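Enquirer: Structure in structure tokens, see below.
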2 protein chains.
Amino acid sequence: MSAIAIDEVRTWAAEAGRLARSYFNRVSHVRKADRSPVTQADLEIEIMLRERITARYPDHGIIGEEQGIGSIDREFVWCLDPIDGTAAFIAGLPTWGVSIGVLRYGEPYLGVIAMPLIEDCYWADVEGPAFRNDEVITVSSAARIDGNDWMGISSYAHRQYRFDFPGKMRSLSSVAADCCYVARGSAVGALIGRANLWDLAAGLSILRAAGAAIVGLSGAPLDVPPLLSHPKLSEPVIIGPPQLMATLRGYITRR
Amino acid sequence: MSAIAIDEVRTWAAEAGRLARSYFNRVSHVRKADRSPVTQADLEIEIMLRERITARYPDHGIIGEEQGIGSIDREFVWCLDPIDGTAAFIAGLPTWGVSIGVLRYGEPYLGVIAMPLIEDCYWADVEGPAFRNDEVITVSSAARIDGNDWMGISSYAHRQYRFDFPGKMRSLSSVAADCCYVARGSAVGALIGRANLWDLAAGLSILRAAGAAIVGLSGAPLDVPPLLSHPKLSEPVIIGPPQLMATLRGYITRR
């Protein structure tokens, strides 16, 4: 049995989602030192989640997008992105989510991503499988890619890459959403830019439970534990079904 | 006063949106002759809208994505896309909408676009202004484009163009949604592929009322009346604030 009650984490994510939704289209933002935006909703949600986690699991560590890196020398470390896709949230776009991931000894252990506007919650723990709401999900089982497939990319990818993907390419502006749509087999894959651990931690658990591979653009496997002390990915990663990874990589060329 | 009661059209769009929402994540699809997908939701919504329009405005013409071109020799012609963004709808993505446009003597007269998952309704008639729900909207008044701006593109644009846009590029997979986000000044512009009249008719009224320019990629102004008999755009169009059109065009190069 998992050491963390995932049903309870889902209720926290739903609560956070309602809070985010109450601010949607009604909030201004400021820019952080790295020029990325933050809103009152991000800040309130992170505080709320930290309170819930600390009360229930006082010996666990917490890393959050807005309040930084706490105690990472614990068996369990929670990685919080209160609103993954803050820029989409500010733009009035619906593709953003509350992302709650847990690592155990640095490896993905549990993930919950709530996308409140569409009432979707994606979740998985280390025992698997992965779920969208109450339905088990898996990555695409397709043997090849055709013009009806779609792939997620970051919203800045056009500046760095040339793509020869034969289908549709969509930038949802949320790493968490990219992970969910790949995990459910809707997207055939995604190219994720140099995200931070909190963007990706929940998604990694869900992707692994759904059968996805996660590989750096260079072909190197993603090494998660070092991200605890250096949260930014050292290179972009491709996520998708194992049988399609080489094909997906082949569509991407540096400009 | 407008010849069409737009408040009533908004109630039809809301009704259609509820119907679409009831099918979201619960519907299969087939492919039409042009390989584009269609669902039971598209078909039922178009039938419902045609019934409402015919009962209320029996002498008006109707063109619909699913049931084709009817009487286009009327003063008023309704252009219906029951679900603009059907592929996104099928993929479980939230960016799709019910698009109801009216032309008068071939020119944009009225438009209503409902995005039911996010409870947004965009609307305008020929008397202006444009609205999102009960709030007046206008295109961006920015004098220049920077790295925090975003632009909409079609999900196949990567195959045809190279982009040097300095900000984010997002493909929402719905022409109607592209029009709405440009009209409200969230997106600084969008490149729309060779869409059909029903994809664009509602959006054109909303864009014009919000102060947008609509120009072919060649620089030629969009001539709407010929689309009644030949619904497919002869070239992609750029939509955006008049003061930024030349800049936007300059970012786009054919591959």
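Enquirer: Just one of the numbered conditions (1) out of contact with any Lys or Arg (no Cβ under 8 Å at 6 or more places or on another chain); (2) within 20 Å of B:I63 (Cα to Cα); (3) surrounded by fewer than 24 Cβ atoms within 10 Å (Cβ to Cβ); (4) of a type in the set (G, A, S) is not true of B:A195; which one?
Expert: Of (1) out of contact with any Lys or Arg (no Cβ under 8 Å at 6 or more places or on another chain); (2) within 20 Å of B:I63 (Cα to Cα); (3) surrounded by fewer than 24 Cβ atoms within 10 Å (Cβ to Cβ); (4) of a type in the set (G, A, S), only one is false for B:A195: (1).
Enquirer: Can you find a residue in region A:204-216 that is closer than 26 Å to B:M151 by Cα, outside the structural domain of A:R104 (by TED's automatic domain parsing) and surrounded by fewer than 24 Cβ atoms within 10 Å (Cβ to Cβ)?
Expert: No.
Enquirer: While we're looking at this one, here's another question. Are there any strands (runs of 3 or more DSSP E) wholly within region A:97-139 with 2 or more residues that are in contact (Cβ under 8 Å) with a residue 40 or more places away in the chain and more than 14 Å from chain B (Cβ to nearest Cβ), and if so which?
Expert: Qualifying strands (runs of 3 or more DSSP E): A:97-104, A:107-115, A:120-125.
Enquirer: What's the number of the condition A:H60 fails, among (1) at pLDDT 95 or above; (2) under 15 Å from A:A20 (Cβ atoms); (3) more than 14 Å from every other protein chain (Cβ to nearest Cβ)?
Expert: Evaluating A:H60 over (1) at pLDDT 95 or above; (2) under 15 Å from A:A20 (Cβ atoms); (3) more than 14 Å from every other protein chain (Cβ to nearest Cβ) leaves (2) as the failure.
Enquirer: Can you tell me which residue among A:D178, A:D120 is in the same structural domain as A:A16 (by TED's automatic domain parsing) and at pLDDT 95 or above?
Expert: A:D120
Enquirer: Suppose we filter B:Y161, B:Y156, B:Y122 for residues that are touching a Cys at 6+ places or on another chain (Cβ under 7 Å), farther than 18 Å from B:P242 by Cα and not β-branched (V, I, T); which single one remains?
Expert: Checking each option against the conditions leaves just B:Y122.
Enquirer: With respect to B:S154, determine if the residue is within 14 Å of chain A (Cβ to nearest Cβ) and assigned to a loop (DSSP other than H, G, I, E, B).
Expert: yes
Enquirer: A further question on this structure: For region A:95-122, how many residues are within 21 Å of A:R18 (Cα to Cα) and buried (at least 24 other Cβ atoms within 10 Å of the Cβ)?
Expert: The total comes to 13.
Enquirer: Just checking: which of the strands (runs of 3 or more DSSP E) contained wholly in region B:1-90 hold 3 or more residues that are touching a Pro at 6+ places or on another chain (Cβ under 9 Å) and surrounded by fewer than 22 Cβ atoms within 10 Å (Cβ to Cβ)?
Expert: B:29-31
Enquirer: While we're on this one: I'd like the full set of residues that are closer than 23 Å to B:G97 by Cα, of a type outside the set (S, T, N, Q) and either part of a helix (DSSP H, G or I) or more than 8 Å from chain A (Cβ to nearest Cβ) (or both), limited to region B:157-182.
Expert: Listed by number, the residues that qualify are B:A157, B:V175, B:A176, B:A177, B:D178, B:C179, B:C180, B:Y181, B:V182.
Enquirer: For region B:183-200, which positions are within 26 Å of B:R159 (Cα to Cα) and either more than 14 Å from every other protein chain (Cβ to nearest Cβ) or part of a loop (DSSP other than H, G, I, E, B) (or both)?
Expert: B:S186, B:A187, B:V188, B:I192, B:G193, B:R194, B:A195, B:N196, B:L197, B:W198, B:D199, B:L200 - these are the residues of region B:183-200 that are within 26 Å of B:R159 (Cα to Cα) and either more than 14 Å from every other protein chain (Cβ to nearest Cβ) or part of a loop (DSSP other than H, G, I, E, B) (or both).
Enquirer: Another question about this same structure. I'd like to check something: does region B:169-189 contain any residue that is over 17 Å from A:G92 (Cα atoms) and touching a helix residue (DSSP H, G or I) at 6+ places or on another chain (Cβ under 8 Å)?
Expert: No, because not a single residue in region B:169-189 is over 17 Å from A:G92 (Cα atoms) and touching a helix residue (DSSP H, G or I) at 6+ places or on another chain (Cβ under 8 Å).
Enquirer: Still on this structure, I have one more. Would you confirm, using the coordinates I've provided, whether A:R144 is under 30 Å from B:Y161 (Cβ atoms), within 10 Å of another protein chain (Cβ to nearest Cβ) and not small (G, A, S)? Even if it seems obvious, please write down each step before you answer.
Expert: Details: under 30 Å from B:Y161 (Cβ atoms): yes; within 10 Å of another protein chain (Cβ to nearest Cβ): no; not small (G, A, S): yes.
No; evaluated as a whole, the condition is false for this residue.
The values are calculated or read from the model by the stated rules, or taken from the named source; none is laboratory data. Computed from a prediction, not measured in an experiment: that's the story for all the values here. No Cβ is skipped: glycine too gets one built from the backbone with ideal geometry, and neighbour counts run over all protein chains shown.
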